[in-house]
Amino acid sequence: MLSMLKKIFSIIFAFFTLLFSGADLGEEIRYIPYDQDVTFTSITADELPVTEDEKTACRTWYEENVLYAGQNEIAPAYDFSVNGIPLSMKLSDWQFTVTPAAENRKNGETSVITLTNEKAGLQATVEATLYIENATCEWTVSVQNTAEKRSGVLSGFHAINCTLPVDDAEIYFSRGSADNAADFTMLHTDCSILPTTVSAKDGRSTTEFLPYFNLNGESCGVVLGIGWSGLWEASFKNCSNGLLVNAGQKNLLGYLEPGESVRSPLVSLTFYNNENPVKGFNAFRNWIKDCVYPDNVPTVQNNMDILFVSNTRTAAEIFYDLEHFDNSRAPYIDNYWMDAGWYAGCEESWADGVGNWTTSETRFPDGIKAISDYAADYEKGIVLWYEPERLTSNSYLYSVGSQHEDWIVDLDPKADFNQTVMWNLGNEEACAFLSEYISSSLIENGVAIYRQDFNFSPTEFWQHLDLHANGGRIGFAENHYITGLYTYLDALFEAIPGLVMDNCASGGRRLDLEMTRRSVPMWRSDYNCDQTRPDLLDATQAHTYGLSFWLPVSGTFINYDTEYGMRSSIMPILQVPMASPESALTAYRAEREAQMQGFFPLSFGGTDPEKITAMQYGDETTGCALIYAHAEHEADSFAVHFSGLKTDTVYAVTDADTPDTTSHFTGEELMEGAYSVSFPDGRKAIVLNYTAQ
């Protein structure tokens with residue numbers, strides 16, 4: 001009876017907080033009438049570098065709207081409401097102070113802005129960073145209850161809610177990763193006076209869309225990035241003085257308990273002055289490389305599969321294969337890859353034992369450390385798979401978590417042992433325990449690359465916690481959980497200096513800024529799990545093309561059986577089978593290294609058998625173009641409109657199929673399409689390399 005009354009009270013509370021919070025429930029929302037047949041024009045090398053004007057524009061905007069906002073009578077670029085009254089309407093109630101941060105972000109200048117409202121018993125903290133050389137700024141906002149009683153109702157918590165100086169904006173954005181051939185496809189829409197709204201779904205940040213938006217205007221543009229590994233939402237609409245941008249956690253509504261805090265997503269803005277959106281994409285990529293990626297992020301890397309989703313493979317079999325491995329190929333392998341199925345309790349299926357992060361003693365009697373020690377003897381590391389946030393009811397973590405209140409979230413305790421249970425990273429004690437447990441496992445196993453997966457939607461679990469543990473408050477379980485996720489990961493990196501993280505999440509479903517700050521996707525889409533798909537190679541090209549607009553480093557499985565397969569698999573990080581020939585391990589190294597430089601989209605064919613996909617990587621000195629004619633292409637030839645070159649510089653262009661023949665053109669001629677390639681019937685992949693003379 002008591003539990004029923006609590007549930008009824010929670011529902012009533014949620015209704016009235018929505019009703020009186022000032023939430024704009026009636027605003028018309030325009031969900032995206034986008035197109036995906038998006039084309040781009042060439043851009044010269046002289047247009048690509050960050051200019052002094054762009055640096056000045058970024059610094060000026062940042063100082064006025066973030067760093068000194070509130071003190072200068074300008075409303076901050078972020079906003080939140082207390083009892084329905086927005087911060088932006090009651091600046092006089094808040095005292096603003098700015099101090100240097102104890103530590104700067106990588107290649108940035110970080111400040112802490114503190115907002116104090118003694119009357120409301122609230123304190124907001126903004127951690128903001130200016131990356132002047134990249135014409136980029138970023139910030140996060142947290143709000144804490146410093147009083148001894150519950151706060152007023154917090155709502156409308158927007159990480160960004162302001163007007164950007166972008167006129168007549170077009171938005172370029174991308175699909176997320178959903179085990180689909182169309183993963184990462186570039187999309188385009190025009191803004192209007194009605195909001196265009198884009199949001200995450202299923203509790204993972206990039207299942208539906210990537211949280212990156214190139215907002216391109218007639219004379220300038222801004223690239224917006226969002227760091228939130230849960231449910232974010234962003235909206236855009238034209239207004240009289242620019243583009244109104246709003247983004248934050250999709251749902252957050254309720255009071256704060258004494259001492260409790262919540263935080264906003266991370267948002268970043270990269271400023272550029274050019275009508276060509278390709279400038280914005282490359283400016284954002286450069287910021288990711290220079291300032292966001294961890295210092296030890298892997299670039300060109302081959303990880304050899306020794307255990308791929310197997311609950312039967314044994315250490316004896318692995319050592320046998322390694323001892324009989326052709327040593328001539330060994331120098332081209334960086335790590336041994338061990339996927340799901342190495343732990344106790346997965347004898348029937350790899351999914352059964354999650355939550356038991358101890359080695360299966362029957363199959364690995366000497367532990368995983370025996371394998372990582374073997375790898376170390378040959379100067380290699382080991383990639384090891386974990387899924388720490390999911391567990392089953394027959395696991396060690398379940399037995400521990402079930403002894404503590406709110407350490408685990410079990411939606412149906414009476415279900416069979418395969419039922420998914422969530423470890424609650426939003427509980428500080430549970431988060432600390434898991435950090436210690438997994439870091440000890442990583443150290444014990446000698447892991448060099450921590451492969452973190454996440455194969456379920458947490459939304460229902462968060463809703464359960466909000467209803468049963470958070471008094472009906474909306475989005476609080478998610479907010480504490482995502483904040484705990486970052487705390488957990490940072491604890492691993494602190495415990496194991498030099499640890500690298502592979503961010504999987506069912507293949508590329510958590511590729512937001514916060515995760516990019518900590519990891520790279522070595523397995524970017526589960527579409528590559530099924531190697532028999534007839535359109536797999538064309539889809540692999542399309543995935544490389546689409547993700548390259550935003551993130552330079554990604555990877556998947558190499559297809560080495562044919563020339564078309566190998567060339568379709570050109571990307572920085574590859575998972576390679578043990579049977580891969582040396583040619584597959586050494587081929588296209590220069591092209592893979594060029595993918596860390598500029599990216600220039602030339603033509604997108606997706607998986608359409610009649611179309612052509614083409615992309616260019618490199619800088620004004622050297623690089624490559626990858627051109628793929630699909631099986632039923634209708635074109636006899638393709639004029640390659642290069643990009644990012646010096647107009648008056650002469651370039652030597654070489655086709656990988658005819659390496660002894662070199663053609664010479666000026667950059668201007670190449671960008672106008674003077675170089676053309678011819679296609680035979682059927683599928684053909686062409687690799688061109690260019691070098692400034």
Conditions (1) of a type outside the set (A, V, I, L, M); (2) open to solvent by 10 Å² or more (accessible area, probe 1.4 Å); (3) over 24 Å from ASP339 (Cβ atoms): number failed by GLY605:
(2)
Only one of (1) in contact (Cβ under 8 Å) with a residue 60 or more places away in the chain; (2) in a strand (DSSP E or B) does not apply to THR556, and that is (1)
Set ASP326, ASP321: member being assigned to a loop (DSSP other than H, G, I, E, B) and either open to solvent by 50 Å² or more (accessible area, probe 1.4 Å) or over 19 Å from VAL447 (Cα atoms) (or both):
ASP326
Tally time: how many residues in the stretch 387-414 are closer than 17 Å to THR459 by Cβ and either open to solvent by 50 Å² or more (accessible area, probe 1.4 Å) or part of a loop (DSSP other than H, G, I, E, B) (or both)?
4
Does the stretch 535-553 include one or more residues that are open to solvent by 10 Å² or more (accessible area, probe 1.4 Å), in a loop (DSSP other than H, G, I, E, B) and either farther than 22 Å from SER580 by Cβ or among the basic types (Lys, Arg) (or both)?
yes
How many of the residues in the stretch 524-545 are more than 29 Å from GLY598 (Cβ to Cβ) and among the polar types (S, T, N, Q)?
2
Selected residue [polar (S, T, N, Q) and under 17 Å from the mean Cα position of the chain (by Cα)] from SER229, SER261
SER229
When both residues are 6+ apart or on different chains and their Cβ atoms are under 6 Å apart, which pairs have a first residue that lies in the stretch 634-645 and is touching a residue at least 12 places away in the same chain (Cβ under 8 Å) and closer than 30 Å to PRO49 by Cβ, and a second that is β-branched (Val, Ile, Thr) and open to solvent by 10 Å² or more (accessible area, probe 1.4 Å)?
PHE638/ILE612
Quick check on my filter: what residues within the stretch 482-512 are under 23 Å from TYR212 (Cβ atoms), assigned to a helix (DSSP H, G or I) and touching a Phe, Trp or Tyr at 6+ places or on another chain (Cβ under 8 Å)?
ILE482, ALA505, SER506, GLY507, GLY508
If I ask for residues that are open to solvent by less than 10 Å² (accessible area, probe 1.4 Å) and either under 17 Å from PHE549 (Cα atoms) or without any contact (Cβ under 8 Å) to a residue 24 or more places away in the chain (or both), which ones from the stretch 574-593 would you list?
ARG592
Can you tell which of HIS630, HIS641 is modelled with pLDDT of 95 or more, open to solvent by less than 30 Å² (accessible area, probe 1.4 Å) and out of contact with any strand residue (DSSP E or B) (no Cβ under 6 Å at 6 or more places or on another chain)?
HIS630
Test of understanding: among PHE213, PHE209, PHE184, PHE173, which residue is open to solvent by 10 Å² or more (accessible area, probe 1.4 Å), within 22 Å of the chain's Cα centre (by Cα) and in contact (Cβ under 8 Å) with a residue 12 or more places away in the chain?
PHE209
Neighbours by Cβ (under 7 Å, 6+ apart or cross-chain): first from the stretch 369-385, under 17 Å from TYR320 (Cα atoms); second charged (D, E, K, R)
LYS369/GLU444
Tell me, which residue of the stretch 320-349 that is charged (D, E, K, R) and over 31 Å from the mean Cα position of the chain (by Cα) is farthest from LYS380 (Cα to Cα)?
GLU348
Being touching a strand residue (DSSP E or B) at 6+ places or on another chain (Cβ under 6 Å), part of a strand (DSSP E or B) and in contact (Cβ under 8 Å) with a residue 40 or more places away in the chain narrows VAL677, VAL653 down to just VAL677
When you scan the stretch 347-368, how many residues do you find that are among the small types (Gly, Ala, Ser), under 14 Å from TYR386 (Cα atoms) and touching a residue at least 60 places away in the same chain (Cβ under 8 Å)?
2
Quick one: which strands (runs of 3 or more DSSP E) sit completely within the stretch 156-270 and have at least 1 residues that are of a type in the set (Lys, Arg)?
232-239, 261-263
Members of the stretch 610-627 found to be open to solvent by 50 Å² or more (accessible area, probe 1.4 Å) and under 19 Å from LYS684 (Cβ atoms), listed by number:
GLU610, LYS611
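The values are calculated or read from the model by the stated rules, or taken from the named source; none is laboratory data. Everything numeric here is computed off the predicted structure, so don't read it as measured data. Cβ coordinates were reconstructed from backbone atoms using ideal geometry, including for glycine residues, and neighbour counts include every protein chain displayed. Areas reflect the complete protein model, heavy atoms only, side chains present, ligands, DNA and RNA absent. Shrake-Rupley method; radii C 1.70, N 1.55, O 1.52, S 1.80 Å.
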